[in-house]
Amino acid sequence: MKPMRGLSSRVTVVAITGVAVTALATALAAFSLSNPDDKPGACESQSVDEPGQGCAKALVGLFEQGKEIFRFDTFGDEDYWGGKLELHKAIAGAALGGVGPGVSPKTALTAAGLKVDVDALPGNLQAKLRQGKVDLDSPATTLALLQLNAVVGVKGVFDKGGSLSSIGITCALCHSTVDDSFAPGIGKRLDGWPNQDLNVGLIVSLAPNLAPMADQVLGASDPATIDLLKKVLLSWGPGFYDAEVNIDAIGFRPDGKSAAVRIPAAYGHLGEDLHTWTGGFGNVTYWNAYVANLQMHGNGNFNDERFNNPAKYPAAVRGGFFKLRHNPDQVTSKLAPLHYYQLSLKAPTPPPGSFDAAAAKRGETVFNGQGKCADCHMPPLYTDSGYNAHTPTEMCIDSFQADRGPTGAIGSTLVTPQLSGLWARSKRGFFHDGRFPTLLDVADHYNACFNLGLSSSEKSDLVEFLKSR
């Protein structure tokens, strides 16, 4: 009796498939065991319903890994800041192998707005600082602090002879500050808090070789173009940064004011969609990749074909930013733990006595009612639940900053910021560009924009509620 050809083929296929599946499962298991850090999920090997202690330990490990990346990982960007721009030479000064007067701790803490992590300082150094026995006017002291890895967000690279040979930056440069518990600018780290004193533009303007940046941003590196670049950088001021000038080459608003925006907080974002000022880009993971590669100039891989647009994003096209490739890629593998750590950062609680509790309670009623604030700043997230971006027209403001981002389905948008921890990021005003100096100015703006008819006392109560967030 001849075998049934169709059945035989199917049996053979099933047998081969079974062998293949078994082999694939064995290979994946072996890969998983030999490459534990390559897992996309921290609890992948655990039961979803009964994760057990293994999952808890994995999550703690993921948190600690993300914290280390956030605080200390440069993604190899010292190749740019030191290798190309030679910023380390300006920090060291001529007397220590660099150029110019150098940067003293006093200058770093005041003019530049840098911060020092007191926990990185040995006890004897802390004692000398208290006694006034440390020379805060000497760049040599700055280098000593860099060797201790004590300058928040800045990482010095030293050669075997102890000379500063390069400099890199980390996420913490902009998105961490200190509590000033030891002295102004010196204290314990506050991760996720925007450094509202940081003068990024001033720091970058000190670089001895700005030609590579001028070429990429403005398309030339002659003295006049470099002077223009410095003018743009120096227009930012403390607490502001322009994360789009090196894609669109727009340094100033049409009214001549700086195009920079306030450095945003990195805390309190769990549960929301978009996290920064300009809509159309992406969520926090996108921004981590964008910043690590295009702003910090780390050595990673990055794709965004929307930037392959010479008319809108000429600087991005010059830099090839729509498709960056580095081997090895020092960014992509770190995005998951970095994401987890950032979303673990809770918004800080307002200090006792910083607001009128009774007025805040009345203000909450205004917020959820006549003030219509909760229409967008929806409790408990205090941003839109869902797509948290709106057109400038909806907000009764100009579209300059919104237009700089990739246009989405509803046009140019700005993101609805969450309000938790608002008190800790209010030093430089409100809205993306700090156009409203006080919360009362914000209340006045929306009162007029939406014809709310709020009384002076209602607006005052609303401000107290916002301060209580």
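The table for this structure:
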| item | result |
| --- | --- |
| Subset of region 162-180 [in a strand (DSSP E or B), of a type outside the set (S, T, N, Q) and closer than 30 Å to Ala424 by Cβ] | Ile167, Gly168, Ile169, Val178 |
| Residues satisfying the stated conditions in region 323-334, i.e. out of contact with any strand residue (DSSP E or B) (no Cβ under 9 Å at 6 or more places or on another chain), surrounded by fewer than 17 Cβ atoms within 10 Å (Cβ to Cβ) and in a loop (DSSP other than H, G, I, E, B) | Asn327, Pro328 |
| Conditions (1) outside any loop (DSSP other than H, G, I, E, B); (2) at pLDDT below 95; (3) not small (Gly, Ala, Ser); number of the one not met by Leu294 | (2) |
| Test set (1) open to solvent by 60 Å² or more (accessible area, probe 1.4 Å); (2) at pLDDT 75 or above; (3) under 31 Å from the mean Cα position of the chain (by Cα) - Leu96 fails condition number | (3) |
| Scan of region 421-469 for residues that are of a type in the set (S, T, N, Q), open to solvent by 50 Å² or more (accessible area, probe 1.4 Å) and touching a Pro at 6+ places or on another chain (Cβ under 7 Å), ordered by number | none |
| Filter result (surrounded by fewer than 18 Cβ atoms within 10 Å (Cβ to Cβ) and touching a Leu at 6+ places or on another chain (Cβ under 7 Å)) within region 210-229 | Pro212, Thr225, Leu228 |
| Cβ-Cβ under 6 Å pairs, at least 6 apart or on other chains, region 138-161 side in a helix (DSSP H, G or I), far side among the β-branched types (Val, Ile, Thr) | Pro139/Val103; Thr142/Val103; Leu145/Val151 |
| Hits in region 397-411 - residues which are outside any helix (DSSP H, G or I), open to solvent by 20 Å² or more (accessible area, probe 1.4 Å) and within 19 Å of Val245 (Cα to Cα) | Asp398, Ser399, Thr407 |
| Close pairs from region 50-62: first under 23 Å from Leu345 (Cα atoms) and at pLDDT 75 or above, partner of a type outside the set (Asp, Glu) and assigned to a helix (DSSP H, G or I), Cβ under 7 Å, at least 6 apart | Leu62/Pro337; Leu62/Tyr340 |
| Residue list for region 412-433, restricted to those being assigned to a loop (DSSP other than H, G, I, E, B) and aliphatic (A, V, I, L, M) | Leu419 |
| Contacts under 7 angstrom Cβ, first residue in region 81-92 being of a type in the set (A, V, I, L, M, F, W, C) and in a helix (DSSP H, G or I), partner open to solvent by 50 Å² or more (accessible area, probe 1.4 Å) and modelled with pLDDT of 95 or more, 6 or more apart | Leu87/Leu206; Ala90/Val99; Ala90/Leu206; Ala90/Pro208 |
| Residues satisfying the stated conditions in region 296-322, i.e. buried (at least 22 other Cβ atoms within 10 Å of the Cβ) and on the phi > 0 side of the Ramachandran plot | His297 |
| Which listed residue, of Asp38, Asp77, is open to solvent by 80 Å² or more (accessible area, probe 1.4 Å) and either charged (D, E, K, R) or at pLDDT 95 or above (or both) | Asp38 |
| Given (1) in contact with a strand residue (DSSP E or B) (Cβ under 6 Å, 6 or more places away or on another chain); (2) under 20 Å from Asn368 (Cβ atoms); (3) among the small types (Gly, Ala, Ser), index of the condition Gly434 fails | (2) |
| Residue within region 365-382 that is part of a loop (DSSP other than H, G, I, E, B), polar (S, T, N, Q), open to solvent by 20 Å² or more (accessible area, probe 1.4 Å) and free of Cβ contacts under 8 Å to residues at least 12 places away in the same chain present | no |
| Exclusive hit being under 25 Å from the mean Cα position of the chain (by Cα) and of a type in the set (Gly, Ala, Ser), set Ala127, Ala172 | Ala172 |
| Options Ile186, Ile250: the member that is under 30 Å from Ala424 (Cβ atoms) and either modelled with pLDDT under 95 or open to solvent by 50 Å² or more (accessible area, probe 1.4 Å) (or both) | Ile250 |
| Single unsatisfied condition, Ala112 versus (1) more than 24 Å from the chain's Cα centre (by Cα); (2) at pLDDT 95 or above; (3) assigned to a loop (DSSP other than H, G, I, E, B); (4) not hydroxyl-bearing (Ser, Thr, Tyr) | (1) |
| Failed criterion for Leu270 (all others in (1) surrounded by 21 or more Cβ atoms within 10 Å (Cβ to Cβ); (2) touching a Leu at 6+ places or on another chain (Cβ under 8 Å); (3) of a type outside the set (D, E, K, R) hold) | (1) |
| Residue within region 231-247 that is more than 23 Å from the chain's Cα centre (by Cα), modelled with pLDDT of 95 or more and either basic (Lys, Arg) or crowded, with 18+ Cβ neighbours inside 10 Å (or both) present | yes |
| Residue under evaluation Asp403, criteria (1) of a type outside the set (Phe, Trp, Tyr); (2) without any contact (Cβ under 8 Å) to a residue 40 or more places away in the chain; (3) in contact with a helix residue (DSSP H, G or I) (Cβ under 8 Å, 6 or more places away or on another chain), criterion not met | (3) |
| Residue within region 126-136 that is among the charged types (D, E, K, R), closer than 23 Å to Phe72 by Cβ and touching a Ser or Thr at 6+ places or on another chain (Cβ under 6 Å) present | no |
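The values are calculated or read from the model by the stated rules, or taken from the named source; none is laboratory data. Just so it is clear, the model here is predicted, and its values are computed rather than measured. As a convention, Cβ positions derive from the backbone with ideal geometry for all residues, glycine included, and neighbour counts pool all protein chains shown. For the accessible areas, the whole protein counts, side chains as well, though only heavy atoms, and no ligand, DNA or RNA atoms are used. Shrake-Rupley method; radii C 1.70, N 1.55, O 1.52, S 1.80 Å.
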